[in-house]
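Quick notes on the structure that follows.
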Amino acid sequence: MDKQIKIALPKGRLLAETAARLKRAGWGLVGYQEETRLYRISSKNFPNLTAKVFHERDIPIQVAIGNYDLGICGSDWTEELLARYPSSALLKVSSLGYGDGVIYAAGSPEAISTIEEMRARAGIIRIASEYPNLAESFALSLRLRRFSILPLWGAAEVYPPESADLALVFSPNGGLSHYGLVPVSKVITASACLIANKTSWESRDMDEVVSPLYDKVLAPEAAEPEIIGQYPAQRRRYTPTEDLVWFALPDGHQQEHTLRLLKKAGIQIDDYPSATGNRRPSTKMPGIAIKVIRPQDMPLQVANGNFDLAITGRDWLMEHLYQFPSSPVTELLDLKLGTVKIVAVVSKNLAISDVNGLREFNAKQAAPLRVASEYINIADKYARDNHLGYRVIPTWGASEAFLPEDADLLIENTQTGRTIARHNLKIIDTLFQSTACLIGNTNKLSPAKQERIESIIKALQTAVREL
């Protein structure tokens with residue numbers, strides 16, 4: 001190897017098996033293991049090999065744009081990128097033989113239709129997925145007359161039948177019964193794979209590193225999805241109740257705080273958080289139905305009318321309102337939980353201490369400032385308001401990994417700043433403070449629904465005052 005080879009490695013579900021595979025391949029990586037907090041990994045056996053750890057969804061993009069020569073991720077995310085950018089500089093080199101799963105188009109057994117009925121339906125077929133490009137490709141391949149894609153951060157399986165007709169979901173064990181769904185079509189099969197930047201692959205000799213890894217070259221994906229079942233049209237169809245209040249609760253680390261607040265408000269929720277992954281907890285409150293979804297998705301779902309109330313962070317509400325200023329979503333109550341600051345972050349190695357220094361740094365650069373963030377609309381507004389020349393790099397997590405090699409500025413949330421400091425980064429500005437909040441839709445509701453919503457707001461107001 002005559003020059004440095006850069007590889008992007010996954011955190012999350014593929015980390016343990018990837019680490020084991022690389023160990024068998026003799027890479028001698030230092031610190032790449034489960035529960036690792038390191039983002040930069042070196043190799044004892046290949047001095048010219050450097051690795052960085054990313055959220056899996058970011059890896060195909062980083063490889064395609066040439067920031068990394070190689071990457072390991074699920075082929076579901078490579079197909080998601082190629083569905084939108086088929087001419088990108090992304091090469092699928094090899095399957096790695098683990099992390100297998102299937103992306104299905106699936107629906108609720110209470111409301112599922114045949115493919116023929118869906119094709120003939122005059123109304124819009126709503127498809128929810130964290131794979132929006134594959135979902136659109138799937139809908140076009142079936143020649144659906146009218147369809148709408150609901151792009152999500154995750155948990156698509158909980159949307160049918162009330163909030164979507166179909167969901168594109170990844171199933172690692174090949175089944176959907178644990179989601180309470182039935183498959184309509186197999187969209188693609190997926191597994192962990194080695195990918196490469198085409199230019200790097202064609203111009204450089206990386207065989208010494210790569211050859212111990214792969215088993216076989218990936219076969220091309222099928223052009224047409226496989227329809228795997230026909231479901232009787234006489235199945236009971238879901239009929240929504242007009243006055244039912246749909247209440248979205250957050251998944252993830254905010255569940256414990258949310259549950260304590262709800263208990264203090266006298267709102268009993270059963271099986272939340274759920275040890276079995278149930279996303280439809282029950283409550284004894286009449287006329288209330290609950291789903292557990294990603295906080296990032298809540299503002300848009302409330303705006304679309306799929307939920308009447310939701311508990312999310314003000315950061316995600318602002319992210320939504322910066323993109324859709326006329327959205328009918330509003331904050332109903334500050335819940336004073338989960339306080340974080342949204343901050344601007346740079347490398348400690350830069351002589352920048354505030355936003356004025358950032359502007360001076362930006363003015364001296366020949367290229368636009370690279371701004372990485374999960375909050376792409378907040379980041380965009382911050383850069384515009386401060387008159388920076390910039391481009392925003394969307395990320396899906398592990399954002400600290402991007403600085404300083406792959407971005408110049410990070411817009412991130414933090415509670416204490418310790419994680420930021422641990423990664424040799426520093427805060428130069430605070431944009432705003434975010435807490436958990438109750439959000440709702442400003443559109444007019446039925447009297448019965450409005451009464452139920454007001455009773456929830458009053459109960460939560462009392463609980464917040466007692467915090």
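Any read-out appearing in this document is the output of simple, stated calculations on the displayed coordinates, not a laboratory observation. Fair warning: this is a prediction, and the values are worked out from it, not measured in the lab. Quick reminder, even Gly has a Cβ in these numbers, built from the backbone with ideal geometry, and neighbours come from all protein chains shown.
Tell me, what are the semi-axes, in whole angstrom and largest first, of the equivalent ellipsoid of the chain as set by the roots of 5 times the Cα gyration tensor eigenvalues?
With the √(5λ) rule applied to the chain, the semi-axes are 38, 31, 20 Å.
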Mind checking the full-extension length gain between SER87 and ASP385? Use 0.36 nm per residue of separation minus the Cα-Cα distance, one decimal, nm. 103.8 nm
Partners for LYS198 among aspartates and glutamates (Cα-Cα distance below 14 Å; same-chain residues under 8 apart left out): ASP69
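Using alpha carbons only, what's the Rg to Rh ratio of the stretch 101-189 with Rh from Kirkwood? Before the final figure, lay out each step's value.
Working: Rg = 11.6 Å, Rh = 12.6 Å.
So for the stretch 101-189, dividing Rg by the Kirkwood Rh gives 0.92.
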Share, in percent, of DSSP beta bridges within the stretch 101-189 that are antiparallel, nearest 5: 60 percent
Stretchable slack from ARG37 to GLU451, in nm (0.36 nm times residue separation minus alpha-carbon distance): 144.3 nm
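Report, in listed order, any pair from LYS336/LYS426; LYS336/LYS458; LYS6/LYS52; LYS11/LYS426; LYS3/LYS44; LYS263/LYS341 with a Cα-Cα distance greater than 19 Å. Working shown, then result.
Numbers: LYS336/LYS426 26 Å; LYS336/LYS458 15 Å; LYS6/LYS52 8 Å; LYS11/LYS426 23 Å; LYS3/LYS44 16 Å; LYS263/LYS341 26 Å.
Going by Cα-Cα distance, LYS336/LYS426; LYS11/LYS426; LYS263/LYS341 fall outside the 19 Å limit.
If I take R0 = 56 Å and measure r between the Cβ atoms of ARG119 and SER353 in this structure, what FRET efficiency does the formula 1/(1 + (r/R0)^6) give, to the nearest 0.05?
Numbers: r = 60 Å, r/R0 = 1.07.
Once the sixth-power term is evaluated, E becomes 0.40.
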Environment charge at ALA89 (Cβ cut-off 15 Å; Lys +1, Arg +1, Asp -1, Glu -1): +3
Which of ILE7, ASN362, TYR382 sits closest to the plus end of the dipole of the chain, meaning its Cα is farthest towards the positive end, when Lys and Arg get +1 and Asp and Glu get -1 on the C-beta? TYR382
Placing +1 on the Cβ of each Lys and Arg and -1 on the Cβ of each Asp and Glu in the chain, which of SER185, PHE307, ALA139 has its Cα farthest towards the positive end of the resulting dipole? PHE307
Share of alpha-carbon pairs per 5 Å distance bin for the stretch 244-399, given as whole %: 2, 8, 15, 17, 16, 12, 10, 8, 6, 4, 2, 1, 0
Taking 8 Å as the Cα distance limit and 6 or more residues as the minimum spacing, I'd like the relative contact order of the chain as a percentage. 15 percent
Over the Cα atoms of the stretch 340-434, what radius of gyration and what Dmax do you get, in Å? 11.8, 34
